[in-house]
Amino acid sequence: MPRIIASAAAVAFLLAPLATASAQDWPTRAVTMVVPYAAGGPVDTLGRILAARLSEILGQQVVVENVPGAGGMTGSSRVAKAPPDGYTVLLSGSAVLAINQTLYKKPLYNAVTDFEHVALFSDSARVLITRKDFPVNTLSEFVAYAKANQGKMQYGSAGVGSGTHLPCVLFNLAIGANITHIPYRGEGPVTQDLIGGRIDYLCSTIQNGAPQAKQGTVKAIAVMAEKRVPIIPDVATTGEQGLPGVEASVWNAFFLPKGTPEPIVRKLNKAMSDTLDDPAVRARLEELGLEIVPPERRTPEYLAKYLPAEIERWAKPIRAAGISAD
C-alpha cells in the first residue's frame with residue numbers, strides 16, 4: 001500500500017508541470033462563449049461584440065453559442081459542468097447568477113462555488129417607462145397616481161424573475177403599491193404591449209427603453225441607477241427625484257468552470273480588460289447604454305466578493321414579494 005501511494009504521488013508530481021505548461025499555452029484552439037439566452041437579444045449582441053475583439057487578442061476564435069432555457073440556467077449549468085480547461089466560458093449576469101439563486105426552489109448550480117469568477121465588466125441601468133398617454137410626467141406624480149389607482153394598474157416584464165421583473169418588484173415595495181404583474185416571454189413582446197397601451201409601465205433595460213423614449217413611443221419617468229446615463233441624459237434618477245434605494249442596475253460578467261487553472265483565469269481576465277479598453281469596443285458598448293466598470297472592479301477577487309452580496313441584495317425583494325419559480 002505505501003508503494004502504491006508513493007507511486008500515485010510521484011505521478012501527480014510529474015504531471016503538475018505539464019498541467020502548468022498547458023495552462024500557460026492556453027488557448028491552443030477555439031474557445032466557446034456560452035450565452036444563456038436566445039440569439040438576437042441584448043446579451044447575445046453584447047457577447048458577439050466582445051467575442052470579435054477577444055478572438056484577436058487571444059489569437060484563437062471565440063465562438064458564441066446560445067444555450068437558452070430555464071431562465072438562463074440551462075446554459076450556465078452546462079458551463080458549470082464543463083471540463084475546467086478554459087475552453088468553455090460563460091457570459092452571464094445578475095438575473096442568472098444572483099436572482100435565480102433565490103427565485104428558483106432548486107437552482108441548477110451554486111453560483112458562488114461552482115464557477116471560477118473571471119471578470120465583472122459592465123453595468124446596465126433600468127429605466128422606468130410608461131405608455132405614452134399615462135397621465136404623469138415625473139416620479140412623484142407617478143407614485144401619487146399609483147397609490148391612488150393601484151387596483152386597476154398593470155406592469156409588464158420579460159418573465160417572472162427576469163431583469164425587468166425584479167427591479168419593478170423592488171420599486172413597488174419602495175413606494176408601497178401592490179400592482180398586478182403581467183409576465184411576457186421576452187422584452188420585445190412586453191414593450192410592444194406597452195407601446196400599444198395594454199399595460200401601464202415597465203422597468204426596461206436601458207438598451208430597450210432609451211430608444212423608445214427618444215422616439216416618443218413611451219415616456220421615460222426615471223433612471224433606476226445611482227447616476228444618469230449618457231444615452232438619455234435628461235432623464236433624472238430615482239434618487240434625484242426623491243426615491244433613493246431603488247437602484248436596479250444589472251451587471252454582466254465572465255465565468256469559467258470551477259477548477260480552471262489560475263493562469264487561464266488570469267489570462268482571460270487580462271484579455272477581457274484589454275477588450276474593454278479598446279476605444280472601438282467601448283464606443284459600441286456605450287451606444288447600447290452599458291456602463292463599463294473601472295479596472296479595480298474587473299478583478300477575479302472583486303467578482304468573488306461582489307456576487308454573494310448581489311445574491312443577498314436580490315433575495316430581499318424576492319422573499320418580501322413571495323415570488324418563486326420551479
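Annotations for the structure displayed:
- Excluding ligands, DNA and RNA, the accessible surface per residue across region 84-143 is 30 Å² with a 1.4 Å probe.
- Cubic angstrom per residue, convex hull over Cα atoms of region 15-91: 73 Å³
- In the chain, taking the dipole from charged Cβ atoms about the Cα centre, the farthest positive-side position among L58, N178, A283 is held by N178.
- Cross-linked pairs K227/K267; K106/K147; K132/K152; K106/K316: Cα-Cα separations exceed 24 Å for K227/K267; K106/K147.
- Protection-proxy order for peptides 70-76, 186-192, each taking the mean of Cβ atoms within 10 Å per residue, highest first: 70-76, 186-192
- Where the Cα pairs of region 109-148 fall when distances are cut into 5 Å bins, in %: 5, 16, 15, 12, 8, 7, 7, 11, 15, 3
- Volume per residue of the convex hull around the Cα atoms, evaluated for region 160-243, comes out as 95 Å³.
- Intensity falloff of region 61-116 expressed as log10 I(q)/I(0), Debye formula with alpha-carbon point scatterers, at q = 0.22 Å⁻¹: -0.84
- Looking at the chain alone, DSSP beta bridges between its own residues are antiparallel in about 60 percent of cases.
- Multiplying the residue separation of E296 and K227 by 0.36 nm and removing their Cα-Cα distance gives an extension gain of 22.9 nm.
- Ratio Rg/Rh, restricted to region 241-326 and using Cα atoms, in which Rh is the Kirkwood radius: 1.04
- Gain on full stretching of the segment that runs from K305 to A39 - 0.36 nm per residue minus C-alpha separation: 92.7 nm
- Cα-based equivalent ellipsoid of region 170-326: semi-axis lengths in Å, sorted from largest, via gyration tensor: 31, 21, 16
- On the basis of the beta-carbon distance and an R0 of 30 Å, I175 and E287 show a calculated FRET efficiency of 0.40.
- Potential lengthening between S273 and S22 on full extension [0.36 nm per residue; Cα-Cα distance subtracted]: 88.1 nm
- Convex hull of Cα atoms in region 43-198, direction-averaged projection (nm²): 11.1 nm²
- Surface share of carbon and sulfur [accessible, 1.4 angstrom probe, percent] for the chain: 55 percent
- Inter-part distance, region 274-301 to region 199-223, computed on C-alpha centroids, equals 24 Å.
- Shown here: the chain, whose C-alpha atoms stretch 80, 44, 30 Å along the first, second and third principal axes, sorted largest to smallest.
- Residue-averaged [θ]222 nm for the chain, counting only DSSP H segments that reach four residues, each worth -39500 (n - 2.57): -13500 deg cm²/dmol
- Based on Cα contacts under 8 Å between residues 6+ apart, the chain shows a relative contact order of 26 percent.
- FRET efficiency, 1/(1 + (r/R0)^6) with R0 25 Å, evaluated for T113 and R29 via beta carbons: 0.35
- When the inverse distances between all different Cα atoms of region 122-191 are averaged and flipped, the Kirkwood radius reads 12.8 angstrom.
The values are calculated or read from the model by the stated rules, or taken from the named source; none is laboratory data. Computed from a prediction, not measured in an experiment: that's the story for all the values here. Here the Cβ is made from the backbone with ideal geometry for all residues, glycine too, and neighbour counts use every protein chain on show. With ligands, DNA and RNA removed, areas are computed over all heavy atoms of the protein, side chains included. Shrake-Rupley method; radii C 1.70, N 1.55, O 1.52, S 1.80 Å.
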